[in-house]
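Report on one structure; see the data block that follows.
The values are calculated or read from the model by the stated rules, or taken from the named source; none is laboratory data. Since the structure is predicted, the reported quantities are computational estimates derived from the model, not experimental observations. Here Cβ is always computed from backbone atoms with ideal geometry, including for glycine, and neighbour counts include all displayed protein chains. Accessible surface is based on the protein model in full, side chains and every heavy atom, while ligands, DNA and RNA are left aside. Shrake-Rupley method; radii C 1.70, N 1.55, O 1.52, S 1.80 Å.
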Amino acid sequence: MKSLHVLVLAAGQGTRMKSALPKVLHPVAGRPLLEHVLKTVSSLQAKELGVVLGVGRDVVQKELTARGWKDLHYVIQAKPQGSGHAVLMARSWLKAKRGSLLVVYGDTPLLTVQTLRRLADHHMISGNAATFLAMDVPDPSGYGRMLVDNHGYLERIVEDKDATPQERAITLVNSGVACWDIPMLLAVLPRLQPNNAKHEYYLTDAVALLRNLGGRVGVIRAKNPDETQGINTRVDLARAEFISRQRILEHWMREGVTIVDPASTYIDAETVIHPDTRLWPGTILQGATRIGSHCEIGPYAILENAVVKDGVRVGPFARLRPGSVIEEKAHIGNFVEIKKSTIGQGSKVNHLTYIGDAHVGKEVNVGAGTITCNYDGFSKFQTRIEDDVFVGSNSNLVAPIRVGRGAIIAAGSTITEDVQPHALVVARTRQLSKDGWAKAFRSKHRKESRNHS
């Protein structure tokens, strides 16, 4: 693969998405379409990776940079004029290169590295001028039809709008993915003409030009046509989401994770799960969530960019927001929300509780209805609860505050000052009881009601 270069075409306007967001930034399984493609082609270990951008390029570049993509060569196609024109815009980047160029589209998130490697290997071994990835589909409408000769080599590709009725009956279609001999491609690119219904420069027209130069153009078939599905509408996006999610679920089940109800379980592409963990129905794992082994997650738990270590129980109906770290054998229970906090080993936060911007030590018990009051309307403040603390139900911990090791906080307390280690703190008003008052009050109320009636 040392002589392989990759160019990702991502300059399309995506008008059918009807969105202000550039099409290639729409997510599938928590990852932008374009990043799916970039991660796949990066596994080929190509020498260089180029991306053609157009409308919305500043937004796309900013997002890719924020997500850690720093070694990309950007090519600008200011006005969309077809795939051939997009590659032509990369001519100055390509002119000093030798070897092969793999061209893929930035809206094909389901492509696999196995398929692309098979295409690139075949192209290099065959000595073809170009090699196309094709697919057989029962309904070829909308695709470019591939016309092959008696030896299986590609003669030309006819776009759907330009095809005759006989050509439209062909079910072998172009995926848009192809490997090219770089010097030969550069020789024919300037000769492309927009002689078609859309008045665009089609890269597929280079096939006939290469054959005229004596080059062979090969074809290999994708084993699964789903891989080459491009995203043009929200319907396409939903289909790709479903297929991607199925792949992810099957991957983790093969890796030793029990998923009780795959149909109701959602796992993002960046999530990692270790063996012997069980995911109950309604579980949603988002972003770069990390889950250890022997955990029980759900039912109906949402974890986003959270870290859950071995033997942890989360749920039912719990939410871990970004920055949450749950240490070994801790319990996070019913209707509990954790945000940007660490819950120590063996600690329990089991009921109706909010813990935000906090560090909770080992073997801490947090009672039902407890909240850390971390926000004063202007700034966020930290709560630190040391090991072996017992926090009674319906307690408010007003940050910034520190609760010392082994302390006990009585139920119903509002704590506004640091608590010393091993202290008992009761911070509530004294109970006042007036015997017979309720009976007298009701009697008076009934008498007044009769008088008004």
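Residues in region 230-241 that are open to solvent by less than 30 Å² (accessible area, probe 1.4 Å) and farther than 19 Å from Val173 by Cβ: 1 in all. Total residues in region 121-137 satisfying the condition of being in contact with a strand residue (DSSP E or B) (Cβ under 7 Å, 6 or more places away or on another chain) and in a helix (DSSP H, G or I): the figure is 4.
Does region 54-107 hold any residues that are hydroxyl-bearing (Ser, Thr, Tyr) and either assigned to a strand (DSSP E or B) or more than 21 Å from Leu33 (Cα to Cα) (or both), and which are they? Result: Tyr74, Ser92, Ser100, Tyr105.
When Ser244 is tested against (1) open to solvent by 20 Å² or more (accessible area, probe 1.4 Å); (2) outside any strand (DSSP E or B); (3) in contact (Cβ under 8 Å) with a residue 40 or more places away in the chain, only condition (1) is not met.
Quick check on region 250-291: of everything there that is assigned to a loop (DSSP other than H, G, I, E, B) and within 19 Å of Glu337 (Cα to Cα), which residue is most open to solvent (accessible area, probe 1.4 Å)? Of everything passing the filter in region 250-291, Trp280 is most open to solvent (accessible area, probe 1.4 Å).
Listed by first and then second residue, the pairs with beta-carbon distance under 7 Å, at least 6 apart or on different chains, first residue in region 168-180 and of a type in the set (Phe, Trp, Tyr), second modelled with pLDDT of 95 or more, are Trp180/Ser100; Trp180/Leu101; Trp180/Val103; Trp180/Ala130. Listed conditions (1) closer than 20 Å to Tyr354 by Cα; (2) more than 42 Å from the chain's Cα centre (by Cα) are all met by Asn394, apart from (2).
Here Asn394 passes the criteria (1) over 21 Å from Arg428 (Cβ atoms); (2) assigned to a loop (DSSP other than H, G, I, E, B); (3) open to solvent by 50 Å² or more (accessible area, probe 1.4 Å) except the one numbered (1). Inspect region 15-25 for any residue being within 11 Å of Asp107 (Cα to Cα) and surrounded by fewer than 23 Cβ atoms within 10 Å (Cβ to Cβ) and give the result as yes or no. Yes - at least one qualifying residue is present in region 15-25. Looking only at region 138-171, residues that are hydrophobic (A, V, I, L, M, F, W, C), open to solvent by 20 Å² or more (accessible area, probe 1.4 Å) and touching a helix residue (DSSP H, G or I) at 6+ places or on another chain (Cβ under 8 Å) come to 1 in all. Note on region 199-224: among residues that are closer than 20 Å to Leu172 by Cα and open to solvent by 50 Å² or more (accessible area, probe 1.4 Å), the one that is farthest from the chain's Cα centre (by Cα) is Arg211. Of all residues in region 139-159, those that are farther than 15 Å from Gly214 by Cα have Cβ atoms under 6 Å from Cβ atoms of residues that are of a type in the set (Ser, Thr, Tyr) and buried (at least 17 other Cβ atoms within 10 Å of the Cβ), 6 or more apart or on another chain, in Gly144/Thr204; Ile157/Thr204.
Scanning region 31-49 for residues that are small (Gly, Ala, Ser) and crowded, with 21+ Cβ neighbours inside 10 Å yields a single hit, Ala46.
Examine region 128-136 for a residue that is at pLDDT 95 or above, under 29 Å from His73 (Cβ atoms), of a type in the set (Ser, Thr, Tyr) and within 34 Å of the chain's Cα centre (by Cα), and state whether such a residue exists. Yes, region 128-136 has at least one match.
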